[in-house]
Amino acid sequence: MSESISETERVVVLDFGGQYSQLIARRIRELGAYCEIWPYTTPPHRFQTPSVRGLILSGGPSSVYDADAPRCHPEVFELDVPILGICYGMQLMVQELGGQVERADRGEYGKALLEILEPDSPLLKGLQPRTQVWMSHVDSVKKLPPGFRVLASTEATPIAVIGDDARRRYGVQFHPEVVHTLEGNRLLENFLYRVVGMRGDWKPENFVAAQVESIRREIGAGRALCALSGGVDSAVAAALVYRAIGDRLTCLFVDHGFLRKGEREEVMHTFQKRLGVPLVLVNAADRFLRAIQGVVDPEEKRRRIGHEFIRVFEEEARRLGPFEFLVQGTIYPDVVESGATPGAPTAVIKTHHNVGGLPPDLRFRLVEPLRSLFKDEVRAVGRELGLSETIVTRHPFPGPGLAIRVLGEVTEEKLAILREADAIFLEEIRKAGLYEVIWQAFAVLVNSRSVAVMGDERRYGYTVALRAVTSEDGMTADYFRFSWDFLERVGHRITREVPNVSRVVYDITSKPPATIEWE
Ligand code: XMP
């Protein structure tokens, strides 16, 4: 694959607001085909390019009978590319092509047994004759449009899979993208390779060469600035742009004083020593601490830290500049969630884009080279570019850092305590081989003291709360089930090794109702 991403052959997921649209796209990419999510309002002419090889109509919360049900342009169904409708997508296709959808009062949710009636259909080749699928729908298809046949049924849903082989139109009532549909990947694979005929050469690693070329073209002889956060996205974006334009890229790393133990050294080491990227470190800890002195409200802390960051950034950009370009580690879920139309990365460099709160004389053009990648793909690209595993597999870390993990007023003493406790927790997690199965793990310094008996003395010490969660995307999360031995070991080490900590507790709430962070 040497063409630019805008020319890469793709399957487009037309998004009708379904909660699984991103999951469909991820599955398709995992199966080796490039996939993008486009809004259902996309005008039909945008599909008429050789790079769009097939369409998937996503599910969605609406009924086709709702007055405000999302509908794509009817011409979409006339396009000369294969179409697979999933759940709502199937019902919409049926209605548009002359079939009938039945409105029901009660839906069908959960596991169902699918019986294959047409095992030779290209969509169902190789599936078990009876296979478990995951249903979540209210309405059902009642009458097929002309040219369609029923390919599979479940007990409650006789018309569960439909197809018109000649026109290459298919529909499934269940969700092939979720893990509870045991052979969902096989079905999607059939659609990609037996129906659409994709090449199957999408790999995030291949993306590097093409992307380096397009960044080079865009930036030309210009200079670019990138603010590193220590997180994986900005690190990979910077490494990629560095590969393209070398030391015409300057990286800025603002130490706001709310970083974890060893974080600053690690970022410096990776970028300066390992990759040789020019890196400017700004030590602004005093300034940030002053900015939030006495502040206890978490949103106010966030606001002041954000504001201070912009000011530091502004000063440094003036001092080191001029720069025409600003590199950001925006990734695909950010793009999809913001409702922007994803396009080729060549199209994302917006002229005169004014970055949040910057004055008019500091206008940059944005370079967001990871805009089309999912998190896992960003990690694969990072490895390809030579970033260390520590950076590539790093847990997400909030911009305001430890300032929102010290509950209440933030002081240097409290930050120091939290940093130590957090480092012990993470060290034990790594030692136990659990770092990569956990989405985020961290310590929180609770805003009240508790009694401790130390020797013969009664003292008031701080309480440290430990938080570790598993999650797919941070939107929902479950607390991680450590063994009692593990928790005891960590608790013991923290009370013994960190001065002034007298109590350690473990947070066993999921999200919802709690959030991942405490503040
Ligand atoms: P919550 O606490 O809302 O967190 O469940 C969801 C995800 O967002 C991160 N988070 C933040 N990230 N600035 C950030 O950059 C913030 O102010 C912030 N607050 C929460 C959190 O770490 C988790 O990954």
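The values are calculated or read from the model by the stated rules, or taken from the named source; none is laboratory data. Please read these numbers as outputs of a predicted model, since none were measured by experiment. Reconstructed Cβ throughout: ideal geometry from the backbone, glycine too, with neighbour counts over all protein chains shown. These area figures cover heavy atoms from the full protein model, side chains too; ligands, DNA and RNA do not enter into them. Shrake-Rupley method; radii C 1.70, N 1.55, O 1.52, S 1.80 Å.
Here are the numbers for the structure shown:
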item	result
Given (1) surrounded by fewer than 14 Cβ atoms within 10 Å (Cβ to Cβ); (2) under 20 Å from residue 407 (Cα atoms); (3) of a type in the set (A, V, I, L, M, F, W, C); (4) within 16 Å of the ligand (Cβ to nearest atom), number of the condition residue 451 does not satisfy	(4)
Selection count where residues are within 16 Å of the ligand (Cβ to nearest atom) and not charged (D, E, K, R), scope region 375-400	8
Among the candidates 292, 310, residue that is under 22 Å from residue 368 (Cα atoms) and out of contact with any His (no Cβ under 7 Å at 6 or more places or on another chain)	310
Unmet requirement for residue 474, which otherwise passes all of (1) at pLDDT below 95; (2) open to solvent by 30 Å² or more (accessible area, probe 1.4 Å); (3) part of a loop (DSSP other than H, G, I, E, B)	(2)
Helices (runs of 4 or more DSSP H) (entirely within region 231-298) containing at least 1 residues that are open to solvent by less than 10 Å² (accessible area, probe 1.4 Å) and farther than 17 Å from residue 211 by Cβ	263-268, 285-291
Residue check, residue 443 more than 23 Å from the chain's Cα centre (by Cα), within 16 Å of the ligand (Cβ to nearest atom) and either in a helix (DSSP H, G or I) or surrounded by 17 or more Cβ atoms within 10 Å (Cβ to Cβ) (or both)	yes
Any hit, region 26-44, residues being surrounded by fewer than 17 Cβ atoms within 10 Å (Cβ to Cβ), over 20 Å from the mean Cα position of the chain (by Cα) and not in a loop (DSSP other than H, G, I, E, B)	yes
Every pair of residues 6+ apart whose Cβ atoms lie under 8 Å, when the first sits in region 270-286 and is touching a residue at least 60 places away in the same chain (Cβ under 8 Å) while the second is of a type in the set (Gly, Ala, Ser) and in a helix (DSSP H, G or I)	270/235; 275/239
Filter result (aliphatic (A, V, I, L, M), surrounded by 12 or more Cβ atoms within 10 Å (Cβ to Cβ) and away from the ligand (no atom under 12 Å from the Cβ)) within region 492-519	494, 498, 501, 504, 505
Subset of region 45-66 (residues that are surrounded by fewer than 23 Cβ atoms within 10 Å (Cβ to Cβ), touching a helix residue (DSSP H, G or I) at 6+ places or on another chain (Cβ under 9 Å) and among the small types (Gly, Ala, Ser))	62, 63
Among (1) aliphatic (A, V, I, L, M); (2) in a loop (DSSP other than H, G, I, E, B); (3) over 20 Å from residue 516 (Cβ atoms) - the single one residue 416 does not satisfy	(2)
Of all residues making up region 410-437, the number that are open to solvent by less than 10 Å² (accessible area, probe 1.4 Å) and either within 16 Å of the ligand (Cβ to nearest atom) or without any contact (Cβ under 8 Å) to a residue 40 or more places away in the chain (or both)	5
Index of the failed condition, residue 256 passing every other in (1) without any contact (Cβ under 8 Å) to a residue 24 or more places away in the chain; (2) in contact with a helix residue (DSSP H, G or I) (Cβ under 7 Å, 6 or more places away or on another chain)	(1)
Where residue 225 falls short, out of the listed (1) under 23 Å from residue 23 (Cα atoms); (2) under 26 Å from the mean Cα position of the chain (by Cα)	(1)
Failed condition for residue 80, given (1) open to solvent by 10 Å² or more (accessible area, probe 1.4 Å); (2) more than 22 Å from residue 179 (Cα to Cα); (3) assigned to a strand (DSSP E or B)	(3)
Looking only at region 117-134, and only at residues there that are farther than 15 Å from residue 156 by Cα and polar (S, T, N, Q), the one that is most open to solvent (accessible area, probe 1.4 Å)	128
